[in-house]
1. Could you please report the charge total around residue 338, scoring K, R as +1 and D, E as -1 over all other residues with beta-carbon less than 12 angstrom from its beta-carbon?
2. Reachable aspartates and glutamates from residue 242, Cα under 16 Å, same-chain residues fewer than 8 places away excluded?
3. Which of these, 140, 83, 316, has the largest mean-square fluctuation under a Gaussian network model of the chain (Cα springs below 10 Å)?
4. Could you state, as a whole-number percent, how many of the C-alpha pairs of the range 319-427 are farther apart than 26 Å?
5. For helix 283-293, what angle does its Cα long axis make with the longest principal axis of the chain, in degrees from 0 to 90 and rounded to 10?
6. Near residue 47, which lysines are there with a Cα under 28 Å away, not counting those fewer than 8 places off in the same chain?
7. Identify the residues of the range 15-35 with backbone N under 20 Å of a label point that sits 7 angstrom from the Cα of residue 52 along the Cα-to-Cβ direction, or state none.
8. Among bridges DSSP assigns within the chain, what percent are antiparallel (round to 5)?
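Since every read-out is calculated from the coordinates, none of them should be taken as a lab result. Everything numeric here is computed off the predicted structure, so don't read it as measured data. FYI the Cβ positions are ideal-geometry reconstructions off the backbone, even for glycines, and counts take in every protein chain you see.
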Amino acid sequence: MADMQELLRLLGELDDQLVSCMRCGMCQAVCPIYSQTGREGDVARGKIALLEGLAHEMVKDPQGVQDKVTRCLLCGSCAANCPSGVKALDIFLKARVILTGYLGMSRVKQLIFRGLLSKPGLFNTMLSVASTFQGLFTTPVNDIIGSSCSKFLSPVLGDRHLMLLARTPLHSEVPSLDTPAGASGLKVAFFPGCLADKIFPRVGHAVLKVLAHHGVGVYLPAGQACCGIPALSSGDKQSYDKLVRANLDLFAGQDFDALVTPCATCTSTMKKIWPAMAAGMGAKDQQRIAELSAKVMDINAFVVDKLGLTPPEPKPGAKSVTVHDPCHLKKSLGIAAQPRTVLRMNPDYAVVEMNASDACCGCGGSFTLQHAEISATIGMQKRDNIVGAHAQVVATGCPACMLQISDMLSRSGDQIAVRHPMEIYAESL
């Protein structure tokens with residue numbers, strides 16, 4: 001049963017935030033879903049108009065309201081381009097929590113979030129078992145990308161080309177670290193995130209290699225939990241709070257200069273969403289969140305802004321690499337130049353720009369499962385822009401975007417590698 005006092009508190013916060021929308025319609029021009037459907041209910045302005053009467057609409061047609069609110073990528077394009085500064089992501093996340101509290105959660109989501117995701121040890125064990133047997137149900141399809149497909153899973157996943165779970169996740173290869181600051185005089189806490197841990201451990205290893213090269217100490221505690229955004233995006237505030245507190249217990253109060261992560265979504269969540277959703281968590285946790293979120297940095301921004309990198313000129317015949325700007329980096333945090341600087345640190349690569357590098361790739365976490373057709377249509381537009389850049393590699397600072405882009409390129413038979421900027425930099429060291 002949802003905590004009614006908490007729901008009422010969130011409804012009050014929501015009402016206070018909704019009044020800032022001026023109905024100007026600027027969000028229409030930048031919403032990737034609206035560009036496909038042309039429906040007012042798919043754009044931020046339409047959703048906000050609906051939410052203004054949320055208490056009444058929840059009684060009248062709660063499922064209909066929830067369907068409209070969840071039909072959103074949470075990409076932040078609307079918020080980044082809003083002249084009134086409407087915090088659309090905060091609004092939509094709170095609305096999802098309210099609606100889920102009112103309607104309840106499906107048994108499947110309860111199992112995923114409360115039975116598995118909020119229990120890091122069990123979650124890691126289950127995925128370790130899954131990684132052992134996944135080869136029985138999948139077939140490799142693209143060696144350059146490393147993707148596979150699965151007829152067995154097609155009723156759930158459709159025609160997707162998958163990036164499989166790593167045989168050995170990062171947390172098994174590097175259970176923990178606590179090294180002192182070296183030549184840089186700096187020490188960081190390292191939060192790999194679920195995808196860099198379980199699907200792309202090579203990204204985590206690249207980050208550790210770069211940090212070691214620059215003499216940066218690393219605090220990497222065992223038992224890290226998900227940042228919480230999958231649960232919160234589904235309206236499960238209970239699991240979200242549990243995950244946030246688990247990570248606070250590991251990181252809060254430790255001595256480090258920055259908390260770095262190679263995941264754009266984790267960075268944005270810990271930097272912005274944690275403080276925005278902290279009001280109901282108690283004074284102690286609010287203080288811990290405020291102190292920790294102030295130290296959170298994208299790994300690309302850290303190595304460029306704190307270590308002062310000076311890229312060399314690319315070598316003759318360098319490989320071409322184009323850049324996809326993740327929504328949660330550029331739109332939420334204003335980070336775009338730093339990943340390009342990181343890529344230029346490897347003289348064997350030359351950066352070439354694609355058209356609309358900051359256009360959403362269409363992933364949106366669970367959106368790609370719930371609205372597979374729209375997700376794929378938006379994703380294929382990103383694929384076309386990548387191919388149009390005539391690059392041999394596409395790099396992006398978001399493992400979720402890596403999954404979506406790998407899927408789109410692989411389905412199209414493209415031989416273009418998908419990498420994280422830190423991987424490419426680490427190659428040169």
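1. Details: positive: 306, 330, 340, 344; negative: 298, 305, 325.
Overall, the nearby charge balance is +1.
2. 3, 6, 285
3. Comparing 140, 83, 316 in a Gaussian network model of the chain, the most mobile one is 316.
4. The proportion of pairs with Cα distances above 26 Å equals 11 percent.
5. Roughly 40 degrees between the two axes.
6. 60, 68, 87, 94, 109, 237, 271, 272, 330, 331, 382
7. Zone members listed by number: 15-29.
8. Bridges in the chain that DSSP calls antiparallel: roughly 25 percent.
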